[in-house]
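The values are calculated or read from the model by the stated rules, or taken from the named source; none is laboratory data. This structure is a prediction, so every number in the text was calculated from the model and none was measured. FYI the Cβ positions are ideal-geometry reconstructions off the backbone, even for glycines, and counts take in every protein chain you see. SASA here: full protein model, heavy atoms, side chains in, ligands and nucleic acids out. Shrake-Rupley method; radii C 1.70, N 1.55, O 1.52, S 1.80 Å.
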Amino acid sequence: MTISRRAILGAAATLPFATPSILRAQDNFPSRTLRIVVPYAAGGSVDLTARLIAEKLQAELGQSVVVDNRGGAGGNLGVSEAARSEKDGHTMVLASASILCANKFLYRKSMPIDPIKDLGPITRVTTGTVFMTVNANSPYKTFQDVIAAAKKDPGKLTMGSSGTGTVSHLTIAKVCKVTGADITHVPYRGGAPALQDLLAGNIDMMFDVIPLSMSNVREGRLRVLAAASAERVTYSPELKDVPAMKELLPGSNIDMQSWYGMNLPAGVPADRVAKLHAAMVKVVDNNDFRGKMEPNGFTTVVDASPAAYGTYMQEQEKFWKGLVEDSGASLD
C-alpha cells in the first residue's frame, strides 16, 4: 500500500495536538523514587504512619518510597516544601488536620502557603482520638483529679504537646475553657520529645493522639485518663474503658479527633493524582493496615475521590477556625 506525501504531512500536522494525550496514555508514572514529606520530627505518630504507608505503597506502585521529615514552624516548613515541589506527583505530604486547616488562622501573617489553594488532595488515611496520658507514677488517677489540681494551683500543672497550634494544644485550650482549669502548655518540636519528657517526669501530662504512646501504656509506664472524643474508642482493647467527653464533661460538645490526609502540590496532572488515589485506597482500606492502626488508637478512612477529600478539607477549615478562635492562640 502506498501512502501519499500529503497524507504523511497531514498526520504530522496533528501531532502537536495529539502528543499530550498520547504521552498520558503511555505515562510510566511513577518513574522514580516517591517522597512522602512528614512535617514533624522523626518518631512521632504521623511519622510512624507515613513509614507504614511508604512500605505498602512501594509494593503497590513498584517504586521506592522514602519518608522525608521536615519539622518546624508548626508544620508549615513541611507543607511548604511539598507545595513548592515539582508538580509531577513524585512528592506527597502526610499532614494533620491542624496543619491543613488550622495553621492559616494561627499564622495569619506568616504562613507561607494556603493549604486549600496550594496543595492538591489525594485522600484522608486515618483518624485518631486525642487522649490525656500521665506518667504511671503520677498522683493523678482520674481526669477529675487533674482538673481539680489545675484549679487549686493555677498554672502549676504542665501539658506537653507536639507543638503550638496542634490538636493537642487546641484540645487543652478547649478543656480549660470549659472547666475553668489553668494548665500550662509546653510545646515541643514533635510528639516524640514530649513523650520522653513525660516518661522522665519533666511534665505532668500529654493530650495527644495515642499511637506513639501505646507501647508505654501496654507496658505500664503511662496511664490513660481521658479520651477527648465525645464517645469512647471501642475498637482498641486497651482504650475501650477510657471515659470520653460525654461522660466527663456532659454538655460541653467537645469531640476532639484529628484526621490525617495525603496531599501533593496543586497542579499535578489529574491522571497521576487518580493513580495515587487508587494506590492509596488499596494500601489503607485493607485489613492488614487497619489491623496495625486500630490497636494503637487510630482507625482508617479513605475518601471516594480526591475531589471529595478536597470538599471535606474546605468544610473542616471552618471547624478548625472556630477552635483557634476559642483558644485565643496566635503565632504571628
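Figures for the structure shown
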item	result
Residue selected from the range 76-93 under the condition more than 28 Å from Asp288 (Cβ to Cβ) and open to solvent by less than 50 Å² (accessible area, probe 1.4 Å), by the criterion modelled with the lowest pLDDT	Asn76
Restricting the range 94-131 to residues that are closer than 29 Å to Phe143 by Cβ and open to solvent by 10 Å² or more (accessible area, probe 1.4 Å), the residue that is modelled with the highest pLDDT	Arg124
Checking Thr164 against (1) open to solvent by less than 50 Å² (accessible area, probe 1.4 Å); (2) at negative phi; (3) modelled with pLDDT of 95 or more, the condition it does not meet	(3)
One residue from Asn263, Asn296 being in the same structural domain as Gln58 (by the TED database), closer than 23 Å to Gly191 by Cα and in contact with a Gly (Cβ under 7 Å, 6 or more places away or on another chain)	Asn263
Subset tally (residues that are under 30 Å from Met111 (Cα atoms), surrounded by fewer than 22 Cβ atoms within 10 Å (Cβ to Cβ) and not small (Gly, Ala, Ser)) for the range 140-161	1
Total residues in the range 200-212, condition open to solvent by less than 10 Å² (accessible area, probe 1.4 Å) and in a helix (DSSP H, G or I)	0
Inter-residue pairs, beta-carbon under 8 Å, first under 25 Å from Leu52 (Cβ atoms) and in the range 85-113, second aromatic (Phe, Trp, Tyr) and outside any helix (DSSP H, G or I), 6+ apart	Asp88/Phe29; Gly89/Phe29; Leu94/Tyr260; Ala95/Tyr260; Ser96/Trp259; Ser96/Tyr260; Ala97/Trp259; Ala97/Tyr260
Per-region count, the range 225-252, residues out of contact with any Gly (no Cβ under 7 Å at 6 or more places or on another chain), among the small types (Gly, Ala, Ser) and assigned to a loop (DSSP other than H, G, I, E, B)	6
Which numbered condition Leu61 fails, given (1) open to solvent by 60 Å² or more (accessible area, probe 1.4 Å); (2) more than 18 Å from Arg189 (Cβ to Cβ)	(1)
Where Arg272 falls short, out of the listed (1) out of contact with any helix residue (DSSP H, G or I) (no Cβ under 8 Å at 6 or more places or on another chain); (2) open to solvent by 10 Å² or more (accessible area, probe 1.4 Å); (3) in a loop (DSSP other than H, G, I, E, B)	(3)
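Listed here are the residues, each with its yes/no results for (1) free of Cβ contacts under 8 Å to residues at least 12 places away in the same chain; (2) among the β-branched types (Val, Ile, Thr).
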position	(1), (2)
Ala244	no, no
Gly251	yes, no
Gln257	no, no
Pro269	no, no
Asp285	no, no
Arg290	yes, no
Thr299	no, yes
